[in-house]
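The values are calculated or read from the model by the stated rules, or taken from the named source; none is laboratory data. Computed from a predicted structure; not experimentally measured. Counting neighbours? That spans all protein chains shown, and the Cβs are built from the backbone with ideal geometry, glycine included.
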Protein chains: 2
Amino acid sequence: MLTLEEALRRLLARAQVTGDEEVPLAAASGRVLAEPRVIAPVDVPPFANSAMDGFALRATDTPGTLRIVGEVAAGSAGLIEVSGGTAVRIMTGAPLPPGADTVVPLEEAGESEAKVTVPLTAPETYVRAAGSDTPAGTEVCLPGVLGPAAVAVLASLGCDPVRVRRRPRVALLSTGDELVDPGLSLRRGQIYDSNTAALTAAITEAGGEPQRMGRVPDTREAVENALRAGAGSHLIVTSGGVSVGQHDHVRGVLEGSGSLDFWRIAVQPGKPLAVGEIAGVTVIGLPGNPVSALVTFELFVRPMIRAMLGLSGDGRLHLQARPQELIRKDRERRAFLRVYVWREAAETLARSTGGQGSAQLRPLAEANALLVVPEGEEAADPARTYEAIILGELS
Amino acid sequence: MLTLEEALRRLLARAQVTGDEEVPLAAASGRVLAEPRVIAPVDVPPFANSAMDGFALRATDTPGTLRIVGEVAAGSAGLIEVSGGTAVRIMTGAPLPPGADTVVPLEEAGESEAKVTVPLTAPETYVRAAGSDTPAGTEVCLPGVLGPAAVAVLASLGCDPVRVRRRPRVALLSTGDELVDPGLSLRRGQIYDSNTAALTAAITEAGGEPQRMGRVPDTREAVENALRAGAGSHLIVTSGGVSVGQHDHVRGVLEGSGSLDFWRIAVQPGKPLAVGEIAGVTVIGLPGNPVSALVTFELFVRPMIRAMLGLSGDGRLHLQARPQELIRKDRERRAFLRVYVWREAAETLARSTGGQGSAQLRPLAEANALLVVPEGEEAADPARTYEAIILGELS
């Protein structure tokens, strides 16, 4: 069995960054810039402007009482000139009129009829110089995944549309003759397919574009045809069919018609994970048990999709958390225990959300973190802290 | 000036939970269940099944060598009966055949021709009883916002479609005659409108459905018409027009034609925030400065949208972080400083991402957290820790 690190290293070595595409700025949030460094094409702000509603005037005229000779609103094109002894009413964001070198805010100005009395004021007070936020030509670095603030920066530079990484197309197929779509009735021996819906959501959340290939009958031929059909995508993810049973064909097809890089890793849950390729496209074969499938998705598929977007790591927050009770695990494997974590004083505490079996889905849905307990230990021990991978909201 | 708590209390008192709608399970991730408690309509698993690939048999026959009388695959409907001295080959997930009460996994079984030698095995070993994950009738609680694991649970219960909260429709309008859409050329006195794109992204991220009402000319009539047009939505968010300038009409229209609950709050950035209503719909008037607009969105609009979805709080992780240097602020107001935080040993450290002025967007885009420094303090002090609201990925 490979360690997690070795398996992940071998998987990520296969990642190729996807191409790029142009999208409207309005659709760019959540996407990854094709080129994270943007050269500012304009000064931001483009002209010297007032930071306050007030009066634009000459600092050398202060303190004093000045004649109000006009007004300049935000968006004004034609500007009134400020000469000695005069002031111009100005709005926040409006261009500083020629001749003026400072701004006195309304709150500090005493206005009466067409005159304003102002206190001693230094030059450049409440004036935002042209380019004071970002001079044209600046190399602007934005975070990997665009959020509202990065979108605002791109907008302030006038960038629309923007070039972003293509979302990796991830072909998703699940095997298992016992599986039925939710919403239909179960016949004897059948269960609902939870992996297709859950992995579709997980692929989207990781930044990929799921392509559902549907469920495949448990025959070698059907599995091989489905894998070959998936090879038009950037990545193929399967669930089920990677264990040691006679009907576990995914691994067999990789060995026979593609190549199998490795299978079996020392993690709990999720031991029977298989990685290989067919027709030049990487295949990640997840276990069929729903908990194993989602946990190994988190550990392998999510970092792989991110690597294809040019991002590193899993994008999750990792905290140190202390279990509130002993939680048993398999001694040989690294465990990813389903826990609920919360902050209490300076500490992060964790409790098991229920049974840790690989078919027990509810405890995973109630968990907001995975607690990582190393190989060689028999349980998570309340006397120490462990790494917790935060998956959901903390209360 | 109101404190943040008082302003937020008054705002959230206006929140009404939206109605619900049915969506396909495939579209349910990221949504909020209309009813967070689901009564399991079926046993999960629906029948006793094998947790391993191996042999189904009678525990009383172990240890011993048994005759293999058939095979049961996952999805099998017709079952072979296991009688004394016999075993049936079984796949993971396949229904336990009548007569069998335990499973010996392949790894522990010695197979030769049509016989299998098995060690002493207790009853119920590697058997998942019907309903062992979730018995029918169980009240299943799922997290507020559905993620892949909650989708898996709903799928395993057969739920498709599912009833979720309607996304609150949030009418978004921005004021400012100086604003131009990104992608166009700037004329003298003009700047790019960054709030529309950024707030659209932020509304979506918070769980709302943005409805862009466009930019409104700086006249009282235009602002009033736009606000009335927005009253078909669940919430109206404006940016700009809430300060003390002559062209700040949002507040004026609320006072004259609707009602103004409060404006001016003791936060930095974002003092001139206005809350009121028009035609029975709550209006949140954000400041026009892009940093102020996004920070006050985070503090007010995001919790408001979540409250309308039936969720509490801001859904962000809050950590204690220690600034690496003194970061100055306004003594009177609570500051939300733009910082980059990272984990180092057991501590979370923070550094300022640049100028803390309310028009300086780049430092907000480079920040992954807001550091909360209370009223009455002149700076964030490296000698202590402060609450940090985590907005982005930590490295």
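Taking region A:343-395 as the region of interest, how many residues are among the basic types (Lys, Arg) and either closer than 28 Å to B:Gly158 by Cα or touching a helix residue (DSSP H, G or I) at 6+ places or on another chain (Cβ under 9 Å) (or both)?
Going through region A:343-395, the residues among the basic types (Lys, Arg) turn out to be A:343, A:351, A:362, A:384.
With the extra rule that they be either closer than 28 Å to B:Gly158 by Cα or touching a helix residue (DSSP H, G or I) at 6+ places or on another chain (Cβ under 9 Å) (or both), the set shrinks to A:362.
The total comes to 1.
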Residues of region A:132-171 being of a type outside the set (A, V, I, L, M, F, W, C) and more than 19 Å from B:Ile191 (Cβ to Cβ), which ones? A:Glu139, A:Pro143, A:Gly144, A:Gly147, A:Pro161, A:Arg163, A:Arg165, A:Arg166, A:Arg167, A:Pro168, A:Arg169
Scan region A:81-107 for residues that are within 14 Å of chain B (Cβ to nearest Cβ), touching an Asp or Glu at 6+ places or on another chain (Cβ under 8 Å) and in contact (Cβ under 8 Å) with a residue 40 or more places away in the chain and jot them down. A:Ile90, A:Met91, A:Thr92, A:Gly93, A:Ala94, A:Pro97, A:Pro105, A:Leu106
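Out of B:Val72, B:Val116, I need the residue that is under 30 Å from A:Ala198 (Cβ atoms) and aliphatic (A, V, I, L, M). Which one? Walk me through how you get there before you give the answer.
Details: B:Val116 fails: under 30 Å from A:Ala198 (Cβ atoms).
Being under 30 Å from A:Ala198 (Cβ atoms) and aliphatic (A, V, I, L, M) holds for just one of B:Val72, B:Val116, which is B:Val72.
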State whether the residues of region A:161-173 include one that is over 31 Å from the mean Cα position of the chain (by Cα), over 30 Å from B:Asp53 (Cβ atoms) and of a type in the set (A, V, I, L, M). no
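Report whether or not A:Asp330 is modelled with pLDDT of 95 or more, charged (D, E, K, R) and surrounded by fewer than 21 Cβ atoms within 10 Å (Cβ to Cβ). Before the answer, list the steps.
Values: modelled with pLDDT of 95 or more: no; charged (D, E, K, R): yes; surrounded by fewer than 21 Cβ atoms within 10 Å (Cβ to Cβ): yes.
It is false that A:Asp330 is modelled with pLDDT of 95 or more, charged (D, E, K, R) and surrounded by fewer than 21 Cβ atoms within 10 Å (Cβ to Cβ).
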So, in region B:34-46, of the ones that are in contact with a Gly (Cβ under 8 Å, 6 or more places away or on another chain) and in a strand (DSSP E or B), which residue ends up surrounded by the most Cβ atoms within 10 Å (Cβ to Cβ)? B:Val44
Counting only residues that are among the polar types (S, T, N, Q), give me the strands (runs of 3 or more DSSP E) lying completely in region A:47-164 with at least 1 of them. A:64-72, A:86-90, A:102-105, A:110-112, A:115-118
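Checking the structure you have, find out if any residue of region B:151-163 is closer than 30 Å to B:Ala231 by Cβ, out of contact with any helix residue (DSSP H, G or I) (no Cβ under 9 Å at 6 or more places or on another chain) and in contact (Cβ under 8 Å) with a residue 24 or more places away in the chain. Spell out how you get there, then give the answer.
We begin by selecting, within region B:151-163, every residue closer than 30 Å to B:Ala231 by Cβ; these are B:163.
Pick out the ones that are also out of contact with any helix residue (DSSP H, G or I) (no Cβ under 9 Å at 6 or more places or on another chain) and you get B:163.
If we keep only those that are in contact (Cβ under 8 Å) with a residue 24 or more places away in the chain as well, we get B:163.
Within region B:151-163, one or more residues are closer than 30 Å to B:Ala231 by Cβ, out of contact with any helix residue (DSSP H, G or I) (no Cβ under 9 Å at 6 or more places or on another chain) and in contact (Cβ under 8 Å) with a residue 24 or more places away in the chain.
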Those residues of region A:356-395 that are free of Cβ contacts under 8 Å to residues at least 40 places away in the same chain and facing chain B (nearest Cβ under 8 Å) come to a total of 7
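Residues that are within 12 Å of chain A (Cβ to nearest Cβ), basic (Lys, Arg), touching a residue at least 60 places away in the same chain (Cβ under 8 Å) and crowded, with 21+ Cβ neighbours inside 10 Å: does region B:295-305 have at least one? It would help to see each step written out before you state the result.
Filtering region B:295-305 for residues within 12 Å of chain A (Cβ to nearest Cβ) gives B:295, B:297-298, B:301-302.
Right, trim to basic (Lys, Arg) and you get B:302.
Filter once more, keeping what is touching a residue at least 60 places away in the same chain (Cβ under 8 Å): B:302.
Next, only the ones that are crowded, with 21+ Cβ neighbours inside 10 Å stay: B:302.
Yes: one or more hits.
What do you reckon, is A:Leu254 in contact with a strand residue (DSSP E or B) (Cβ under 6 Å, 6 or more places away or on another chain), part of a strand (DSSP E or B) and modelled with pLDDT under 95? First the steps, then the outcome.
On the way: in contact with a strand residue (DSSP E or B) (Cβ under 6 Å, 6 or more places away or on another chain): yes; part of a strand (DSSP E or B): no; modelled with pLDDT under 95: yes.
Here the answer is no, as A:Leu254 does not meet what is asked.
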Some residue of region B:56-77 being surrounded by 15 or more Cβ atoms within 10 Å (Cβ to Cβ), in contact (Cβ under 8 Å) with a residue 60 or more places away in the chain and either hydroxyl-bearing (Ser, Thr, Tyr) or at the interface with another protein chain (Cβ under 9 Å from one of its Cβ atoms) (or both): no
